Amino acid sequence: MYIVGIDIAKRFHEAAIIDSSGKIIVKRIRFANSHTGFLSLMEAVRKLDAPAEFGMEATGHYWLPLYAHLRQTGQTVHVINPLQSDALRSLCRQRFFIVDTASDFKRKIIALPNFSRIRETFFQYFRQVFR
């Protein structure tokens, strides 16, 4: 199964397609907020070898025509509340900050002058403790 994430805007929407494992299949599809644009999106989705579900943020009223079109064609559509997507975005940013901070600490520890001796002592201790 594929997931089509759609960024809603006034004149043009953008979509990306990922598979169920999170691998990016199509990085960017730009299409007009019109019937012709919706058909071009559907043409790209038809080329996939499995069914797709759609997700979009409810931005103003601009999502309504696309939502109606997708539902009329029998597609599964998930509309996300902007407050929820903002919270997810904040969580992702916090996670990246924590990962970057942990990586910085690792680099600083490795850069210590006696790191290899400290590491070997550390491993010897835990080998004895956990035998």
Pair residue 71, residue 128: separation of 7 Å Cα→Cβ label points (nm): 7.0
Which percent, to the nearest 5, of DSSP beta bridges fully inside the chain are antiparallel? 55
Report the gain in length on full extension from residue 49 to residue 28: 0.36 nm times residue separation, minus Cα-Cα distance, nm rounded to one decimal. 5.7 nm
If each of residue 36 and residue 7 carries a label point 7 Å out from its Cα toward its Cβ, how far apart are those two points in nm? 2.4
Could you work out the relative contact order of the chain? I mean the mean sequence separation of Cα pairs under 8 Å and 6+ apart, divided by the number of residues, in percent. 19
Could I have the simple spin-label model distance between residue 79 and residue 94, label points 7 Å from Cα toward Cβ, reported in nm to one decimal? 2.8
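Quick note: the coordinates plus some simple rules give every number you see, no bench work behind them. This structure is a prediction, so every number in the text was calculated from the model and none was measured. Backbone-built Cβ (ideal geometry, glycine too); neighbour counts: all protein chains shown.
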